[in-house]
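The values are calculated or read from the model by the stated rules, or taken from the named source; none is laboratory data. The model shown is predicted, which means the values in this text are computed figures rather than measured ones. Heads up, the Cβs are rebuilt from the backbone with ideal geometry, glycines too, and the neighbour counts pull from every protein chain shown. The protein model used for the area step is the full one, side chains on, heavy atoms only, and it has no ligands, DNA or RNA in it. Shrake-Rupley method; radii C 1.70, N 1.55, O 1.52, S 1.80 Å.
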Amino acid sequence: MKTAGLAAAALLAAMSLAAQTPEAVEATGCVFHEGDDPRWAQPDFDDRDWSRTPPDVQAEQYTIAGGSMAAHTSVYLWQRCRLNLTPLAAAKPLFVILRTPLAWRLYLNGQARGTWGDPDTGRIRSDVVQGVPIPADIAADDDLLVAIRFTRGPYRLSAGQTPLAGPAWAVELERGRLLRDAARTDLPNIAAVPVFVIIGVTLLILWWSGREQRETLWLGLLTLTGAGGTAGIATLLHLGVPVEVQFGIRCAGEILITYASVFFFFALARRPLPRLWLWIATFSSLQWLVQYIALAIPGVAAHWFVWRMYWEPHALLFWMCVRFVTYLAAFHAFWPVWKLRSGERLEQIMSLVFSVAQMLHLVRFIPSVSQAALRGVSAISYAASFAPLFVFLYVLAGRFRSMTAEREDLRAEMKSAREIQRMLVPESMDIASPFAFDAAYLPAREVGGDFYQSLPSADGSLLVVAGDVSGKGLNAAMVVATVVGALRNESSRSPSVVLANLNRGLVGRLRGGFVTCICAILQPDGQSRIANAGHLLPYLEGREVEVDSGLPLGITADVTYPESEVSLGGETLTFVSDGVVEATNTKGELFGFDRALRISGKTAAEIAETARKWGQADDITVVTVRRRAAGIAI
Amino acid sequence: MVAQTITRVEQSGDLAVMRFEGDITSNSEEAILGKYRELAAGTARIVLDFSKVPYLNSSGISLVIQLLMAAGKASQKVVCFGLSAHFVKVFTMLGLSKYTSMHPDETAAAAAVA
């Protein structure tokens, strides 16, 4: 009971002490000076001619006329302040509390007491609050000279907040404030991230599904990069990610945004991208690349180079102009801008709004513009950057709907074409025919360029034709329809004449293509004649049938097709297309003639399936014909 | 992924050697016919080097045929070498042996065109 009473009394005393003691005291009489000199740490140094205002603030607020950038002539910046510790006399131990984005070395009454980051290169991991313990003997002095030697990194200019002094809990309190400030600054951006990520990912998926609307791809990348840029980096900053990584991500993002913007505008306008804009985007990206490389090189000299290149007022204006000139691509893409194009008005107007909004950032370089006006312009620029995004989404959604409808139409047309092509394939042979005919046809696409026909005659003979149109798809299928139509109207039963007639009809109509074709007339007694126009030789019971070949059809008119004689017993005559021998496996190995010969005795379906399993690269057609013994089906 | 066709032309008097590299497909028109059209006037003998051509599809063969036809009309002699056994057979079946002779190596091709 006694112990509890004592504890309560101690707690009350502590609370009373805390109530009387301020959480922290702020340094006073702070003065600043560019350059570096170890004597500046000493308490007795005469700093009366030092500046009472921080020489640098965020570069965003700079104007050329202000000329304050010119004052940045040193990598190092010194700050000297006085700390009166009397109000904190009851609190021990005490700390000097620094909140700054720069690397520093701290001196208390001339003694080095702590460092943060690398005092030589200025590298730090993140903006954090640091507390440097004040030794008890110094605290007794009450009036303390605090000298801080800041080493500027290449991208952090602000000296930060005025130093404070306070007990340990004041350090934690200040850290809490930092987090609250960060949350206040970053939360709106962070809250927007999921929305932009969802939009960006959706756009990329839409592009991936069809890979046709490149504007969808570029807008998706722009949205994702923008989301990463606005919130991601800010988040990284407070997670203690090294400045090199932060800036590397920022550089990559800026470069991606530069290229994606240029590509996006021209894709949206459905115009080819002029090479000029690629060069401009590359030049604009160069500044980020140079900065990043310089940052990666250790040492102040490299940082100094970046400084001079980028932060000198006129250099800054130059690079900013280079950066923003990329947005002129929107004007060029929709040139002439004063002529609104029917059907593209919305995207044209919004592209220009977006472009102008980006270029409004340059207003801050106009000397006479007030801070209030700048804030207004910034708000307009912000709104004008985001509003077009949603219009672009609306436009792209419309285009995606049209494209999907067109694709459906095309699919239906291809389906019809395939059905028509199926009608061109011969129906099964009459059981009374002296020949057993079999075929397998596996087109590589919806419709194919291979064809075959079996045309029986009243005398029991059978004209068998197999061929292949060079190329694939609908073009090849249309040639197939022409050839099959010509064959069905062909009155001759002489293979050489049939091929010559087909050739004459095709010369000059295939736009550089050709048709390989083999034609055989099989007589009921087994005597057969074969003529060949560049097609693969047929197989007869495991051997290749030697047939003289003429040029493929459709190349030149003056070609003759010699006939070769073959006598059929009960053997199977097999015709294959090049889709069999040129089937290619995953190792890039062709099925080849030797394998085709080895399986030539199998059924048409088996041969075609074997080639397909090897790796179909082209239409596969296999036709087999066997003479039935004495007209009886075998 | 189909490799792009690269054509290097070595011209020496009335002899031109066209060295192809990569698959020959429908995308090879400039590499085959374009380069053929750029041959010096007065070219009478042409050697086609297929030793670095792993694959020709039907559209690519069509381009070679067009080259052979154009050379035939211009009374130019064309020989080729470096074709794999598979494509020697394909060229033979296409009846191209009447328009060009096929040789196993450059020495034999050079001798044939000398």
Scanning for something among the β-branched types (Val, Ile, Thr), surrounded by 17 or more Cβ atoms within 10 Å (Cβ to Cβ) and modelled with pLDDT of 70 or more, does the stretch A:268-287 turn up at least one residue?
yes
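Evaluate the stretch B:2-16: report whether one residue or more is within 13 Å of chain A (Cβ to nearest Cβ), at negative phi and out of contact with any Ser or Thr (no Cβ under 7 Å at 6 or more places or on another chain). If you could, list the steps in order and put the result at the bottom.
The initial filter retains those residues of the stretch B:2-16 that are within 13 Å of chain A (Cβ to nearest Cβ), namely B:2-3.
Of the ones still in play, those that are also at negative phi are B:2-3.
Those left that are additionally out of contact with any Ser or Thr (no Cβ under 7 Å at 6 or more places or on another chain): B:3.
Yes, the stretch B:2-16 contains at least one residue that is within 13 Å of chain A (Cβ to nearest Cβ), at negative phi and out of contact with any Ser or Thr (no Cβ under 7 Å at 6 or more places or on another chain).
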Somewhere in the stretch B:39-60, is a residue within 10 Å of chain A (Cβ to nearest Cβ), within 20 Å of residue A:617 (Cβ to Cβ), open to solvent by less than 10 Å² (accessible area, probe 1.4 Å) and touching a Gly at 6+ places or on another chain (Cβ under 8 Å)?
no
Unmet requirement for residue A:468, which otherwise passes all of (1) among the charged types (D, E, K, R); (2) surrounded by fewer than 24 Cβ atoms within 10 Å (Cβ to Cβ); (3) within 13 Å of chain B (Cβ to nearest Cβ):
(2)
Across the stretch A:406-447, which residue is modelled with the highest pLDDT among those that are in the same structural domain as residue A:578 (by TED's automatic domain parsing), closer than 28 Å to residue A:212 by Cβ and open to solvent by 30 Å² or more (accessible area, probe 1.4 Å)?
A:442
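Among residues belonging to the stretch B:75-114 that are of a type in the set (A, V, I, L, M, F, W, C) and open to solvent by 60 Å² or more (accessible area, probe 1.4 Å), point out the one that is nearest to the other protein chains (Cβ to nearest Cβ). Steps first, answer last, please.
Of all residues in the stretch B:75-114, those of a type in the set (A, V, I, L, M, F, W, C) come to B:78-81, B:83, B:85, B:87-88, B:90-91, B:93-94, B:96, B:102, B:108-114.
This time we only want the ones that are open to solvent by 60 Å² or more (accessible area, probe 1.4 Å), so: B:85, B:111, B:114.
On the way: B:85: 8, B:111: 26, B:114: 27 Å.
Among them, the one singled out is B:85.
Assess whether residue A:624 counts as being within 14 Å of chain B (Cβ to nearest Cβ), part of a strand (DSSP E or B), touching an Asp or Glu at 6+ places or on another chain (Cβ under 9 Å) and in contact (Cβ under 8 Å) with a residue 60 or more places away in the chain. Show your work before the answer.
Details: within 14 Å of chain B (Cβ to nearest Cβ): no; part of a strand (DSSP E or B): yes; touching an Asp or Glu at 6+ places or on another chain (Cβ under 9 Å): yes; in contact (Cβ under 8 Å) with a residue 60 or more places away in the chain: yes.
So residue A:624 does not fit the description; no.
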Inspect all residues belonging to the stretch A:142-153 and state whether any of them is at pLDDT below 80, surrounded by 14 or more Cβ atoms within 10 Å (Cβ to Cβ), in the same structural domain as residue A:41 (by TED's automatic domain parsing) and under 27 Å from residue A:42 (Cβ atoms).
yes
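If you go through the stretch A:529-536 one residue at a time, do you hit one that is farther than 18 Å from residue B:65 by Cβ and either open to solvent by less than 20 Å² (accessible area, probe 1.4 Å) or within 14 Å of chain B (Cβ to nearest Cβ) (or both)? Step through it out loud before you land on a result.
Taking the stretch A:529-536 as the starting set, the residues that turn out to be farther than 18 Å from residue B:65 by Cβ are A:529-531.
Cutting the leftovers down to either open to solvent by less than 20 Å² (accessible area, probe 1.4 Å) or within 14 Å of chain B (Cβ to nearest Cβ) (or both) gives us A:530-531.
Yes - at least one qualifying residue is present in the stretch A:529-536.
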If you go through the stretch A:601-620 one residue at a time, how many are in contact (Cβ under 8 Å) with a residue 40 or more places away in the chain and open to solvent by 10 Å² or more (accessible area, probe 1.4 Å)?
8
Within the stretch A:557-583, restricting attention to residues that are surrounded by fewer than 17 Cβ atoms within 10 Å (Cβ to Cβ) and out of contact with any Lys or Arg (no Cβ under 9 Å at 6 or more places or on another chain), which residue is farthest from the other protein chains (Cβ to nearest Cβ)?
A:567
